[in-house]
Structures are given as structure tokens and as C-alpha cells.
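Data block below; observations after.
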Amino acid sequence: MLQESEILAIEHELTLVPHKSAAVIEALKIVQQHRGWVSDEAVAAIATHLDMSPAAVDSIATFYNLIFRKPVGRHVILLCDSISCYVMGYKTLYAALQKQLNIRFGETTPDQRFTLLPNACLGCCDHAPALMIDANLHTDVTVEQLETLLEKYV
Amino acid sequence: MERPLTINIHPGQPPLNLKEYESVGGYAAVRKAVTNLTPQEVQQLVQESNLKGRGGAGFNTGFKWSFVPMGPDAPTTKYLIANADEMEPGTFKDRLLLEGNPHQLIEGMIIAAYAIQANIAYVFLRWAYKKAAELITKGIQEAYAKGYLGKNILGSPFSLDMYLHTGVGRYMCGEETALLNALEGKRATPRAKPPFPQVSGLFGKPTIVNNVETFCCVPHIINNGAAWFKSLSYSEDGGTKLYGVSGKVKRPGAWELPMGITMRELIEEHAGGMKNGYRLKGVLPGGASTDFLTDKHLDIKLDFKSVSAAGSRLGTGTMIVMDDATCPVGFVHNLQHFFAQESCGWCTPCREGLPWVEKILWSIENGNGREEDMELLQMHTRLLGPGNTFCALAPGAMEPLQSAIKYFGDDFLTHIKEKKCPYQ
Ligand SMILES: Cc1cc2nc3c(=O)[nH]c(=O)nc-3n(C[C@H](O)[C@H](O)[C@H](O)COP(=O)(O)O)c2cc1C
Ligand code: SF4
């Protein structure tokens, strides 16, 4: 079931598009904002609300990599693994993150604090290597800085 | 040296608000366009300026606009979209313009919308550009409050609504027709052309999609004329260009420079040359999907024609430098991993071929390559090349691969012979 605040936000999006299914990406974003991720049950609820089949909604939800179809931790780390960060040593950062958090790409720490994901080029190649934690961009990141950086996210 | 696009951008400081932007001449071009020029005159000016699209393909912008149906029989709804999806690896120029001067983009979009008589505009922004999202939202609000957006702009008959749309990932959203599908709430797979978006685009209506930097040039062309814009350039393509350099250079960064400066000037003067102890081995001149150039090409001019003549593409104009301590096989493997991951899966050569290429490169990098693998890679550069796939992603992916084999083939063979990566 969708919550009232979710429905309200989705209804607003529906006023901006010519037909209901055109708002599905917005609906997925809205649900994820409220719940952190999009469950099977949420996919079905969005489908009902937009007169779509759950399979159609899921085909879109699974296409876009920043719609999370599995639960994520309180903070999501997106480590850039594209070419400029490759040249500037993102692999060293990844190794350090793996060691500190004891998780690999796609995994969440047992205390639900961090999920670690790779991400394509973050568009700050002149300050590589870079990563995002939630909505915050961190650039020119060194292994030495990692520990203090992560401490800010509890 | 004039640098109209970045003259009002001061890194580290917040961008100009609407009032400050007006005080340096901002929105004068909107006023001039909607009160003094016809839409056709705006199109004409932009076409004459020889502004070429900054999203990578380098198509004449005014000419692109000229295919939009105009006049009383044209559809009443038309769309204008700024492509701010910037996800080409190694590319970071639109971020600078979006965060540095959002009003310049909004102004350029209003003028472009007027030129094609669009009534709805979108900024399609990638998820990761959080700061830009905040600034553009504020900019659009300010523009509405001052009457530059909304009904009857500056008392003219022209009306325009503008919205910000933020994506949820995927490189393919930057491909023009896939972007339209994403905006319609679909998977970001490309569309067959024809019909071209100019005739049947978003929701089946005439639509223009241009890159952020392309729109940012437009107010300056309106203010100063086509001849002035052309005179900014060292080549036949009009204007300045935002060039960028990343990799192991002394001062990685982005600079607005005359279109057509040489690669040597860009790398040696602006980026400060290579870091001590490193030598330049190769360069991808315009993002991940452009062919390698080498230190033999340093004196070529960075404009669309000259870079093509040297066997690559200007692309986005943001280059990635490969140094002599970086393994070319590992480098190209990283690129192919990206392309394989971002393939939308719509057509077979790309969906099946790219993961195969990625695996072959991984084998070679880890000392498990065979000599036949080189032939297999060559075969893929043909099968995934231009004309065999639905969109330019796969051919783009093959560009750095084919040129890596051409210039750094010995490195591949050493991996195969020595059964290990000689760089590790
Ligand atoms: C896979 C792929 C990704 C693309 N990504 C972008 C992008 O992020 N930004 C962009 O402006 N153009 C991108 N393009 C190019 C667009 O399809 C289109 O040519 C461009 O937005 C047109 O604008 P312009 O004429 O102003 O250059 C991409 C193309 C492909 C094939
Ligand atoms: S070339 Fe690749 S990205 Fe483009 S349509 Fe085909 S499968 Fe999709």
C-alpha cells in the first residue's frame, strides 16, 4: 500500500504528464525517497496506482541502477570506477573500503550503516578519485582520509 | 582572449543570482530575441555562427533547429530539452556550467525555445549532480518571478514553462532518443530514426535536444552576432570550447579556450604537462568513446574536423591522458567494462559482444590471453562498428579498442607472451 504522502506526491507528478504510465519513474523515485528502497510490494502498489502491470513497473525499476530493488544501508557509498578514477587509483580506495567495512560492491554492512556500490563517472575527473556518500560528493579522496570521512556518517 | 561562457564563473563562489546576472548583461539576449527578432531570424543567426553541438556529434545547431515544423499548421505543443546527463567517462564540463552559471543555461534555453516556438522545456539532469539540481531549481524560480518564464514573456506573445527532471542513473539516458523514452517514463532504449525528434519527439511532438554547453553559447551569439562568435575560434567551427584534461597531469582541470587550440597547448600550458616521472603515452581526446591519439599528435588542432582527420573525434572535448605507467590493456578493459554495463540490451551485437570483449581483455590482463584473442578483438571492432547497432554506444566503445590495438598492440602481445601484466 502506498502512504498518503507518497500518493500526494505521485498525484502532483500526474498533473505534469499526458498519461499515467509516464509518471512511473517519478513514482519509483518518490517511494524510494520515503522508504529507502522499492520492495516487490511497492512495485505492485505503484502498478495498481498507475494502471500498469507489476511486470511493466519492475522492468523499469530494474533498468535504472539508482532505483534500489533491495534494502540498502542508512548511507549509500557510490565509488566511481570509471576511467579517470581508474588512472588515479580508485582500486586502492576500493581495497581500503573493503578492509574497513568488510563488504564488497553490492553488499551492506551487518549493522545496516553502509551499502557500497560502484558508479559510473561522477563528472569530476579533474579531482579523481571521487566518491559520493548519500547526496555528498567527495573528491581527491585518499586512503588516509577515508576513516575520518566515514566517521561523519553514523 | 575572450571567454564568454565562463567569464562570470568564479570557482569556489556561489553562482550569480538573477539580479547579479542581469547586472552583467544577463537576459538582455532574451529581451532582444523575443522583442526584436523573429524565430526564423534567431535560427538564422545561430546557423550562421557555425555553432556545432557540444554533446559530441558536432552537428550545426541552427541547422538542427530548422527541421522543426513552424507556422500555423505546426503542432501547438513543442518541446525543448537540455541534455544535462553528462555521463561520458572523463567528461566534466557541463557540471562547470551548471554549477557555475545556471542562469546562462536557462537564458540560452529560453532563446532556443523561442526560435523553435516550443512551449515546454526540460532540463534533463543526471542524479549525481545534486548541487546543480538545487541551483537550477532556484534559477527557474527566479526566472518565473521576473517574467522570463511563464505566460507572455516580457509582454510578448511567447510563453514557456520550464521544468527540471532528474534521472535515476544509466549512461544511455544521454542518448538523444533514449532520453526521450526516459522522460516518458520508459526504459532508456533508443528509438528508430526517422521520424527524427525534430518532427516527432517527446510524446510524439516536435522536440529539440541540445547539450548544456550548446545552449550556453546561444545568448552570446544573440548579443554579439554570428561574425563575432566565429571570430572567437581558431578554426571553422564557431566559438570557444570548454576543454578538460584529467589523468596524471600537473594541473587537471577545465578551461574555456578558442575552438581549435592545439592539444600541446592544452596539455602542456593549461594542464601543466605530465606529473614528474610520467610520460604521455596516449590520449582519449573527447571522452571514453573516442579513438586514442598519441604523443605524435600533440600538434593537431582540437576542432571537429582536425581531430577527425587525425583518426579520432573531438567528442566532448574533455580528454583523458594515459601515462606510461598505466597498462593500456587494463585501461581499455576498464572502458569496456563501463560500456558492457551501460549497454541497454536493445540490440544483439552490443548486448552480447561487449561482455565478451570485456572478458577477453580481462583474460589478457591476467595472463590468460591467447594469440587468437587479438583476432577475436579485431572481429568485434568490425561487428560492433558503425552501421551494425541501433545507437552509437557500441561503435563508440570500439573506438578506443581499435586504436589501442593499433598503437599499443605490442603491449597486448607482451601480456600474452609473458602470461602476465608487465605493468604490475
Ligand atoms: C550513449 C550515448 C550517450 C550520450 N550522452 C550524452 C550526454 O550525456 N550529454 C549530451 O549532451 N549528449 C550525449 N550524447 C549525444 C546525444 O545523443 C545528442 O547527440 C546531443 O545531446 C545533441 O546535442 P548537441 O547537438 O547540442 O550536441 C550521447 C550519445 C550517446 C550515443
Ligand atoms: S548499441 Fe547498445 S546501447 Fe545502443 S541500442 Fe544497441 S544495445 Fe542499446
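The values are calculated or read from the model by the stated rules, or taken from the named source; none is laboratory data. Treat the numbers as computed from the prediction; the structure is a model and nothing was measured. Cβ atoms come from the backbone with ideal geometry, glycine included; neighbour counts cover every protein chain shown.
The figures follow:
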item	result
Every residue from the range B:165-216 that is in contact with a Gly (Cβ under 7 Å, 6 or more places away or on another chain) and under 27 Å from A:Arg69 (Cβ atoms)	B:Cys173, B:Leu180, B:Ala182
Residue within the range A:128-146 that is buried (at least 21 other Cβ atoms within 10 Å of the Cβ), in a loop (DSSP other than H, G, I, E, B), more than 14 Å from every other protein chain (Cβ to nearest Cβ) and touching a residue at least 12 places away in the same chain (Cβ under 8 Å) present	yes
Residues located in the range B:247-267, provided they are aliphatic (A, V, I, L, M), out of contact with any Ser or Thr (no Cβ under 8 Å at 6 or more places or on another chain) and farther than 24 Å from A:Cys85 by Cβ	B:Ile261
Residue within the range B:80-100 that is under 18 Å from the mean Cα position of the chain (by Cα), closer than 30 Å to B:Ala394 by Cα, more than 16 Å from ligand 2 (Cβ to nearest atom) and among the acidic types (Asp, Glu) present	yes
Residue that is surrounded by the fewest Cβ atoms within 10 Å (Cβ to Cβ), among those in the range B:57-86 that are within 16 Å of ligand 1 (Cβ to nearest atom) and within 14 Å of another protein chain (Cβ to nearest Cβ)	B:Tyr79
Unmet requirement for A:Val87, which otherwise passes all of (1) in contact with a Lys or Arg (Cβ under 6 Å, 6 or more places away or on another chain); (2) within 14 Å of another protein chain (Cβ to nearest Cβ); (3) farther than 21 Å from B:Trp127 by Cβ; (4) not aromatic (Phe, Trp, Tyr)	(1)
Only one of B:Leu105, B:Leu97, B:Leu51 that is within 14 Å of another protein chain (Cβ to nearest Cβ) and within 16 Å of ligand 1 (Cβ to nearest atom)	B:Leu97
Yes/no for A:Gln112 being surrounded by fewer than 22 Cβ atoms within 10 Å (Cβ to Cβ), touching a Lys or Arg at 6+ places or on another chain (Cβ under 8 Å) and more than 12 Å from chain B (Cβ to nearest Cβ)	yes
Criterion: over 21 Å from the mean Cα position of the chain (by Cα) and outside any strand (DSSP E or B) - qualifying residue of B:Gly260, B:Gly185, B:Gly238	B:Gly185
Selection within the range B:154-181 - part of a helix (DSSP H, G or I) and either within 14 Å of chain A (Cβ to nearest Cβ) or in contact with a Phe, Trp or Tyr (Cβ under 8 Å, 6 or more places away or on another chain) (or both)	B:Leu154, B:Tyr171, B:Met172, B:Cys173, B:Gly174, B:Ala178, B:Leu179, B:Leu180, B:Asn181
Residue, farthest from the other protein chains (Cβ to nearest Cβ), within the range A:90-109, restricted to residues that are aromatic (Phe, Trp, Tyr) and in a helix (DSSP H, G or I)	A:Tyr94
Pairs where the first residue, in the range B:46-58, is in a helix (DSSP H, G or I) and the second is among the β-branched types (Val, Ile, Thr), C-beta under 9 Å, 6+ apart	B:Val46/B:Thr61; B:Val46/B:Ile111; B:Val46/B:Val218; B:Val46/B:Ile221; B:Val46/B:Ile222; B:Gln47/B:Thr61; B:Glu48/B:Ile221
Subset of the range B:97-147 that is part of a loop (DSSP other than H, G, I, E, B) and of a type in the set (D, E, K, R) - its residue that is surrounded by the most Cβ atoms within 10 Å (Cβ to Cβ)	B:Arg126
Those residues of the range A:48-84 which are within 8 Å of chain B (Cβ to nearest Cβ) and assigned to a helix (DSSP H, G or I), in sequence order	A:Ser59, A:Ile60, A:Ile83, A:Ser84
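So that you can scan it fast, the table gives a plain yes or no per residue for (1) closer than 24 Å to B:Pro194 by Cα; (2) crowded, with 19+ Cβ neighbours inside 10 Å; (3) not β-branched (Val, Ile, Thr):
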site: B:Glu375; (1), (2), (3): no, no, yes
site: B:Gln378; (1), (2), (3): no, no, yes
site: B:Thr389; (1), (2), (3): yes, yes, no
site: B:Gly396; (1), (2), (3): yes, yes, yes
site: B:Ala404; (1), (2), (3): no, yes, yes
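The rows are residues; the columns are (1) in contact with a strand residue (DSSP E or B) (Cβ under 9 Å, 6 or more places away or on another chain); (2) closer than 18 Å to B:Thr61 by Cβ; (3) not assigned by TED's automatic domain parsing to the domain that holds B:Gln40.
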position	(1), (2), (3)
B:Ala113	yes, yes, no
B:Ile153	yes, no, no
B:Pro157	no, no, no
B:Tyr171	no, no, no
B:Glu184	no, no, no
B:Pro197	yes, yes, no
B:Lys205	yes, no, no
